[in-house]
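Peer 1: The structure's right below; bear with me while I get my questions together.
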Amino acid sequence: ARAIAEAHPDAPALVAEPRLRERGFGIFEGRTFAEIEAELPEQALKWRKRVPDFAPEGGENLLVFRDRIVAVAAELAARHPGELIVLVAHGGVMDVLYRAATGQELQAPRTWELRNAAINRLLWTPEGFSLVGWADTGHLSRDLARDETSS
């Protein structure tokens, strides 16, 4: 977010939005997949199958997570009609927004990419989100080429 803001000094100031945080994983936090599967096999299976109403103890289920993310993204978009806004967030947040824009079910296997530092474009109307572009990393290769020519 800072890099984007620095590249656009005339843009409004950065605003941290805590409601766009990643999904809360409760007792899964800080553990590897292997540890979770070894210690909590039944819960691990529900997690891997993306059971929408499953939440690890102290964590958030996919339904609550989706509702939180879609609500705050829609709220931000509604506050800025006709404007471009930039949301910088983790992959789980992006996954939920993709699903909201394309009508994919929460438990459906992912068939799309979630690339780090990708530009994902969504259009919001009061009816909801629609997909404009996804997983664009062209800016990264341009930055790399620029770095190589300036050295």
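The values are calculated or read from the model by the stated rules, or taken from the named source; none is laboratory data. All values derive from a computational prediction rather than experimental measurement. Neighbour counts run over all protein chains shown; Cβ positions are idealised from the backbone, glycine included. With ligands, DNA and RNA removed, areas are computed over all heavy atoms of the protein, side chains included. Shrake-Rupley method; radii C 1.70, N 1.55, O 1.52, S 1.80 Å.
Peer 1: Using a Förster radius of 30 Å, what is the FRET efficiency between ALA11 and THR32 based on their Cβ-Cβ separation? Nearest 0.05, please.
Peer 2: Efficiency computed from Cβ-Cβ geometry: 0.20.
Peer 1: Applying the Karplus parametrisation 6.51 cos²θ - 1.76 cosθ + 1.60 with θ = phi - 60° to the phi angles of the range 115-124, what ³J(HN,Hα) value in whole Hz is obtained for each residue in order, glycine and proline being reported as x?
Peer 2: Coupling constants for the range 115-124: 8, 5, 6, 6, 9, 10, 10, 10, 10, 10 Hz.
Peer 1: Scan the range 31-120 for GluC sites (Glu not before Pro) in coil per DSSP, keeping those whose Cβ has at most 10 other Cβ atoms within 10 Å, and list them by number.
Peer 2: Listed in order of number, the matching sites are GLU57, GLU83, GLU105.
Peer 1: Run lengths n ≥ 4 of DSSP H only: what is the helix-derived mean residue ellipticity at 222 nm for the chain, with -39500 (n - 2.57) per run over all residues, to the nearest 500?
Peer 2: Numbers: 6 runs with 64 residues, N = 151.
Using -39500 (n - 2.57) per qualifying helix, the result is -12500 deg cm²/dmol.
Peer 1: Additional query: Please report, as a whole percent, how much of the solvent-accessible surface of the chain comes from carbon and sulfur atoms (probe radius 1.4 Å).
Peer 2: With neighbouring chains kept in place, the figure for the chain is 55 percent.
Peer 1: Let me ask something additional. Using amide H atoms built in the peptide plane, which far-off residues or other-chain residues are under 5 Å from PHE54 H to H?
Peer 2: Close amide H contacts, sequence-distant or interchain: LEU62.
Peer 1: Taking all protein chains together and a probe of 1.4 Å, list ASP53, ASP136, ASP67 from the most accessible to the least accessible.
Peer 2: ASP53, ASP67, ASP136
Peer 1: Mind checking the per residue accessible area of the chain for me, 1.4 Å probe, whole number of Å²?
Peer 2: 67
Peer 1: Separate question: Ordered by residue, what ³J(HN,Hα) values in Hz, to whole numbers, does the range 63-80 give under the Karplus form 6.51 cos²θ - 1.76 cosθ + 1.60, where θ = phi - 60° and Gly and Pro are x?
Peer 2: 5, 5, 4, 4, 4, 5, 5, 5, 5, 5, 5, 5, 4, 5, 5, 5, 6, 10
Peer 1: Same structure again: Please get the size of the charge dipole for the chain, origin at its Cα centre, with Cβ charges of +1 on Lys and Arg and -1 on Asp and Glu, quoted in debye to the nearest 20.
Peer 2: 220
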